[in-house]
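Throughout, read-outs are computed from the coordinates displayed, never taken from laboratory work. Since we're looking at a predicted model, the values are computed, not measured. With ideal geometry, Cβ positions are generated from the backbone for all residues, glycine too; neighbour counts draw on all protein chains shown.
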Amino acid sequence: MGTQTYDAIVVGSGMSGGWAAKELCEKGLKTLVLERGQQLRHVTDYTTALKDPWQLPHNNRATNADKAAQPIQSTLYLYDQSTKGMFVDDNRYHYEQAKPFNWYRGYHVGGRSLMWSRHVFRFSDLDFEANGKEGVGVDWPIRYADISPWYDYVEKFIGASGENPALPQLPKQILQPPFEMTALEKYVKGAFEKAFTDRRLICSSIAVLSRELNGRGPCQGRNQCARGCPYSAYFSSNGVTLPAAAATGNLTLQPDSVVHSLIYDEAKNRVTGVRVVDVNTLKTTEYFSRIVFLCASTLNSTSILLNTRGKRFPNGLGNDSGELGHNLMDHHNGGGATASYSGLLDRYYRGRRSTSMYIPRFRNVTTHEEKFKRGYGYEFYSGRNNWTRGVETADFGADFKNEITRPGTWSVYTEGYGETLPRHDNRIWLSHDKLDKWGIPALNVSMSYGDNEHAMAQQMMEDAVEMFKAAKLEDVQGFNHPVTPGSVIHEMGTARMGRDPKTSVLNSHNQLHAVPNVFVTDGSFMVSSPTQNPSLTYMALTARAADFAVDKLKRGEL
Amino acid sequence: MGSAALGQVLTAFAAAPRKATTFSESEMRTLRALVDMILPATDSPAASAADTHYFIDLAIPACATPAAQKTFRSGLAAFAGFDQLSADKQVAKLKSRAAADMPLSYDESFFRILKDYTMTGYFLSEIGATQALAYERVPGGFWGDLPLQPNQKAWAI
């Protein structure tokens, strides 16, 4: 039994789990990190990272067999021969889509911290106050002042770069210098400054190093991040937090270990450990600890709580409120515009920048919109057309080849990332009568966007068109695509924080209201969805919760 | 095996004609002529010099949808003997097929499928990416706003 007892257990090794591991280990806790996926060693296991297109099967094109094995994962923009190994086999890891929901994920050490889009903006009080002011969902139990020092703490360690927005809606950050704009982006930035007072184009805040930091980076301009970075230039658990945790000597990292449920002691009202099924041998083992951090990703952490049932908690651990599994959110990015520009033909670029430009939110910041609540920021991309512009034409021959081997005109693309309001009926639940090979009940997901999101998406398109026209871009085409929930890969909610145990699952320290030694610090804690990419906030609140937990533990209060 | 003998084996292997896996020898001759008609030798080698027809031979069965595969096979059959035609006739035949095919959906259009796989096969090959285009595996950074050099090639990716 001795080797199965730790001070802390962390479930999951991705964005949040890596941070929990680092913080708890550095504070002296013997910590077991359980990862349901396989081992994936930093650099050593990035087997496709430096492959040229012609060294990959079919010049990096996915095959019909790939798509059959990964029918959901293969629809992702990142998916190709070089990255397919980072994503799950959909047939092996089935879930029930009560409504269509794209669940993109990787089961391996590091989780999605290896394939994330790396954008790291802070939330502001505009975000933390919105639910309370508008009477939507429940109020966030924290404000910007509570999280601000933890954003500082995380940004210093992960290393991020960008053009510091320093706006009320996008607070000032600790950033390295941004990556350079293209000639077209500089032009658009200038045009926006002339045409608008409330809109600007900036370089996104991104967890990619533009300068060396602690022996990592800088970015080498490959833009093949999702293969894994041999230069450690972007933040991942594998390259940054897990090595820091391991360096303490307090870390035990155990892959291939899926957590079935938590072990709850009703007399003590504490969780005493976790039940783990070995992914390969199917053998069940119990591990024990004084505190548990759930960082298994939104849908999986909540599933573990829902699957921990007994007399005290018949509907899932800590589910006195009935809100566990509810209020699922994702962003929506269906609205935007494309354009071209026939000028600046004497300017080009070198290298492949791995970040977007960004247009910060301007709706419902200082003004009040009639049609919808909240707002959106835009990612913005530009480049000169390459050979692919010739695929869809009738041309061929020497003149055609000469033309398409030279840089084409500029093309420009923007899409909004809109806030989604929390709704009780967007939810996940388990089918306890339908078990997978590991004995875990089937997960059901049901989510749809509502009127607020649809009204917002229309405005996202119209604003994008207006901005492109104001910048005198050409062939401006707006779009407003329907979005399948899950597609932005920002699953949030299902175990929300709040002040009142009657209406929320977690308190202001990511601690279960009902069971004080369980902390949930992945996207499931989210109360609203803001417009910003959420990972930075998961990291900051994980570090904050770890600090709180260890303090309480030392005081004998857990 | 001594190194001299190994050398002979390697030389023989390199000289041996490459075998196609999907298409017949005559179909491969047709395909070779078609990819070179789309992307002929210019200041960089022709598509066939990068084995683009062999790329297609492997990629069509692996990557194309069943409908596109069917379209491609029957389209290729309709071009039987294409390699025997004069250059002028080749141009005219491919032009007329392009005009007929462009309005069709991708899966129904032999020309669009052929062009897609020809371009992917060539421009992402070592010859296409590094001679017809410009390619850096590890650029070493990002320079956002540089003057375009005379006759500068576009980046392959």
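Using the alpha-carbon centroid of each, what span in Å lies between the range A:201-235 and the range B:34-78?
If we compute the Cα centre of each part, the gap is 37 Å.
Can you give me the Rg/Rh ratio for the range A:53-114, using Cα atoms for both radii and the Kirkwood formula for Rh? All intermediate terms of the calculation are to be shown ahead of the outcome.
Numbers: Rg = 12.2 Å, Rh = 12.4 Å.
Using only Cα positions, Rg/Rh for the range A:53-114 is 0.99.
Provide a whole-number value for the mean count of partner chain Cβ atoms within 10 Å of the Cβ atoms in peptide A:217-224. Could the numbers behind the result be given before it?
Details: counts 0, 3, 4, 7, 7, 7, 3, 3.
Per-residue shielding by partner chains comes out at 4.
Restricting things to alpha carbons, tell me how big the range B:23-132 is in terms of Rg and Dmax, in Å.
Rg, Dmax (Cα atoms, Å): 13.1, 37.
I'd like the distance between the alpha-carbon centres of the range A:359-433 and the range B:96-157, rounded to an integer number of Å.
After rounding, the separation between the Cα centres reads 22 Å.
Which of A:Lys401/B:Lys95; B:Lys89/B:Lys115; A:Lys22/A:Lys437; A:Lys99/A:Lys133 have a Cα-Cα distance over 21 Å? Provide the component values of the computation, followed by the final result.
Details: A:Lys401/B:Lys95 15 Å; B:Lys89/B:Lys115 19 Å; A:Lys22/A:Lys437 32 Å; A:Lys99/A:Lys133 31 Å.
As for pairs spanning more than 21 Å Cα to Cα, those are A:Lys22/A:Lys437; A:Lys99/A:Lys133.
Starting with the fewest neighbours, write out B:Ile113, A:Ile428 ranked by other beta-carbon atoms found within 10 Å of each beta-carbon. Kindly include the intermediate steps, with their values, before the conclusion.
Details: B:Ile113 24, A:Ile428 27.
Neighbour counts put them in this order, fewest first: B:Ile113, A:Ile428.
Counting just the Cα atoms, what span does the range A:98-196 cover along each of its three principal axes? Round to the nearest Å and put the largest first.
45, 40, 35
For the protein assembly as shown, list log₁₀ I(q)/I(0) at each q in 0.10, 0.11 Å⁻¹, using the Debye formula over Cα point scatterers of equal strength and ignoring solvent, two decimals each.
Those come out to -1.02, -1.19, one per q.
Can you run phi through the Karplus equation (6.51, -1.76, 1.60; θ = phi - 60°) for the range A:389-397 and list ³J(HN,Hα) in whole Hz, with x for Gly and Pro?
Computed from phi, the couplings for the range A:389-397 are 5, x, 5, 9, 10, 8, 6, 7, x Hz.
Any idea what the relative contact order of the range B:23-132 is, in percent, if you count C-alpha pairs under 8 Å spaced at least 6 apart?
On the way: 112 pairs, mean separation 41.3, N = 110.
Result for the range B:23-132 is 38 percent.
Please name whichever of A:Gly135, A:Gly310, A:Thr63 sits farthest to the positive end of the charge dipole of the protein assembly as shown, dipole taken about the Cα centre and charges placed at Cβ: Lys and Arg +1, Asp and Glu -1.
A:Gly310
For A:Lys133 paired with A:Lys311, estimate the spin-label separation in nm (one decimal), with each label point 7 Å from Cα along the Cα-to-Cβ line.
4.8
Choose one of B:Ser86, B:Pro61, B:Thr120: the residue whose Cα lies farthest towards the positive end of the charge dipole of the range B:23-132 (beta-carbon charges +1 Lys, Arg; -1 Asp, Glu; about the Cα centre).
My answer, from the dipole projection, is B:Ser86.
Could you tell me how many degrees, from 0 to 90 and to the nearest 10, lie between the Cα long axis of helix A:451-470 and the main elongation axis, the longest principal axis, of the Cα atoms of chain A?
With rounding to tens, the tilt is 30 degrees.
Per residue of A:381-388, count partner chain C-beta atoms within 10 Å of its C-beta, then hand back the mean as an integer.
On the way: counts 0, 1, 1, 3, 1, 6, 15, 5.
Per-residue shielding by partner chains comes out at 4.
Regarding the range A:411-558, what's the average projected area of the Cα-atom convex hull, expressed in nm²? Don't skip to the end; give the middle numbers.
Details: hull surface 51.8 nm².
Result: 13.0 nm².
Quick check on the exposure proxy: order A:Val412, A:Val43, A:Val136, A:Val550 from fewest to most C-beta atoms within 10 angstrom. Write out the running numbers ahead of the final one.
Numbers: A:Val412 24, A:Val43 13, A:Val136 17, A:Val550 20.
With the fewest neighbours first, A:Val412, A:Val43, A:Val136, A:Val550 line up as A:Val43, A:Val136, A:Val550, A:Val412.
For the protein assembly as shown, with only Lys/Arg (+1) and Asp/Glu (-1) charged at the beta-carbon, what is the dipole magnitude about the Cα centre, in debye rounded to 20? Please report the intermediate quantities before stating the final value.
Numbers: 76 positive and 74 negative charges, 187 e Å.
Charge dipole of the protein assembly as shown: 900 debye, to the nearest 20.
Along the range A:320-332, what does the Karplus equation 6.51 cos²θ - 1.76 cosθ + 1.60 (θ = phi - 60°) give for ³J(HN,Hα), rounded to whole Hz, x for Gly and Pro?
Listing the rounded values in order: 5, 7, x, 8, 5, x, 9, 6, 5, 10, 8, 6, 10 Hz.
Which far-off residues, 5 or more places away or on another chain, put their amide H under 5 Å from the one on A:Gly137, with H placed in the peptide plane?
none
Ratio of alpha-carbon Rg to the 2.2 N^0.38 Å globular estimate for the range B:87-157, to two decimals, please.
Details: Rg = 17.0 Å, N = 71, 2.2 N^0.38 = 11.1 Å.
Output field value: 1.53.
Based on the Cβ-Cβ distance from A:Thr5 to A:Tyr93, what FRET efficiency comes out when R0 is 30 Å, to the nearest 0.05?
On the way: r = 30 Å, r/R0 = 1.00.
Plugging the Cβ-Cβ distance into 1/(1 + (r/R0)^6) gives 0.50.
Which order do B:Tyr135, A:Tyr231 fall in if you start with the one that has the fewest other Cβ atoms within 10 Å? Before the final figure, lay out each step's value.
Numbers: B:Tyr135 20, A:Tyr231 17.
With the fewest neighbours first, B:Tyr135, A:Tyr231 line up as A:Tyr231, B:Tyr135.
Enumerate the amide H contacts of A:Gly273 below 5 Å, restricted to partners 5 or more residues apart or on another chain; note that Pro and chain-start residues carry no placed amide H.
Here A:Ile263, A:Ser289 satisfy the definition.
Counting DSSP beta bridges in the protein assembly as shown, what percent are antiparallel, to the nearest 5?
Details: 57 of 79 bridges.
Roughly 70 percent of the beta bridges in the protein assembly as shown run antiparallel, per DSSP.
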